[in-house]
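One structure below.
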Amino acid sequence: MAKSEFLKAQWKNLVMLNYEVDAAILKPYIPAGTVLDLWEGKALVSMVGFMFLDTQVLGIKWPWHVNFEEVNLRFYVRYYNGTEWKRGAVFISEIVPKSMIALIANNLYKEHYRALPMRSSIIAGADNHTQFLYEWKLNGRWNKLGATASNELVDIKPGSPEEFILEHYWGYNGLNATKTMEYQVEHIS
């Protein structure tokens, strides 16, 4: 039997800002049955901006909802299923420019989406660097997440914070105080 995919998309032009926070700040967001996944004893939070491209929901490319920006705020947890630890992400907030995405995700899957005006730019520089900028408008002001990155590819080193962030293949969403939804995230090269 073929595996059913609810959502399939490319994540392109990813900008990720990772920082340490006091673990107590995350406590209200930890879904039932999961525990914080710490890197070297530190609770990390990531703010991520990227382009959702070639998006399909239930195998369908919905008009005007195929390519769009997203900015999200997430942290990392582990879940023990009785035989192994699974490592995953919990989303505190997700911003998209399309109201329908927020409506469906929030009502069907108890996600934390918000639809706001968004814009983005990716500028390739002549100096082997690219500038990425994601913006969203809240209360009349444009907010920004951006970075200038080298175009040189570097291998992820074992035991590095980059490996820690990447090695989370599950999503967890607290449905209520005792129930948690789990979903798998496949990283396809």
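Quote to one decimal, in nm, the extra length available between Asn107 and Ser160 on full extension: 0.36 nm per residue of separation minus the C-alpha distance between them.
Taking 0.36 nm per residue and subtracting the Cα distance, the gain is 15.4 nm.
What percent of all Cα-Cα pairs in region 1-95 falls into each 10 Å bin, going from 0 up to the bin containing the maximum distance?
Histogram of Cα-Cα distances, whole percents per bin: 14, 35, 33, 17, 1.
When the dipole is taken about the Cα centre of the chain, and only Lys, Arg (+1) and Asp, Glu (-1) are charged at their Cβ, what size is it in debye, to the nearest 20?
720 debye
Within region 19-78, list the GluC sites (Glu not before Pro) lying in a DSSP loop whose Cβ has at most 15 other Cβ atoms in a 10 Å radius.
Qualifying residues, ordered by number: Glu40.
How much length, in nm to one decimal, is gained on full extension between Gln10 and Trp39, taken as 0.36 nm per residue of separation minus their Cα-Cα distance?
Here the answer is 7.7 nm.
Using only the alpha carbons of region 27-77, what is the convex hull's orientation-averaged projected area in square nanometres?
5.4 nm²
Keeping the other protein chains in place, figure out the carbon and sulfur percent of the accessible area of the chain, with a 1.4 Å probe.
55 percent
With θ set to phi - 60° and the Karplus curve 6.51 cos²θ - 1.76 cosθ + 1.60, what are the ³J(HN,Hα) couplings of region 34-43 in order, to the nearest whole Hz, using x for Gly and Pro?
10, 10, 4, 9, 9, 9, 6, x, 10, 7
Give me the number: length gained by fully extending Asn143 to Gln56, i.e. 0.36 nm times residue separation minus the C-alpha to C-alpha distance, one decimal in nm.
28.5 nm
Given a cut-off of under 8 Å on Cα pairs at least six residues apart, what relative contact order in percent is computed for the chain?
18 percent.
Determine which lysines satisfy two conditions relative to Lys8: a Cα distance under 18 Å, and not lying fewer than 8 residues away in the same chain.
Those lysines meeting the cut-off are Lys61, Lys98.
Loop-only trypsin sites (Lys or Arg not before Pro) in region 85-142, please: DSSP not H, G, I, E or B, and at most 15 other Cβ atoms within 10 Å.
The qualifying sites are Lys110.
Taking every pair of alpha-carbon atoms in the chain, what share in percent sits in each 10 Å bin, from 0 to the bin with the longest distance?
Spelled out per bin, shortest first, that is 8, 32, 38, 19, 2, 0.
To the nearest 500 deg cm²/dmol, what mean residue ellipticity at 222 nm is calculated for the chain from DSSP H runs of n ≥ 4 alone, each contributing -39,500 (n - 2.57), summed and divided by the residues?
Dividing the helical sum by the residues of the chain leaves -3000 deg cm²/dmol.
Using a 1.4 angstrom probe, figure out how much accessible area the chain has per residue, in square angstrom, rounded to the nearest whole.
That works out to 63 Å² for each residue.
If contacts are Cα pairs under 8 angstrom and at least 6 residues apart, what is the relative contact order of region 27-89 in percent?
36 percent
The values are calculated or read from the model by the stated rules, or taken from the named source; none is laboratory data. As the structure is a computational prediction, the values presented were derived from the model and not from experiment. Cβ: placed from backbone, ideal geometry, glycine included. Neighbour counts: every protein chain shown. For the accessible areas, the whole protein counts, side chains as well, though only heavy atoms, and no ligand, DNA or RNA atoms are used. Shrake-Rupley method; radii C 1.70, N 1.55, O 1.52, S 1.80 Å.
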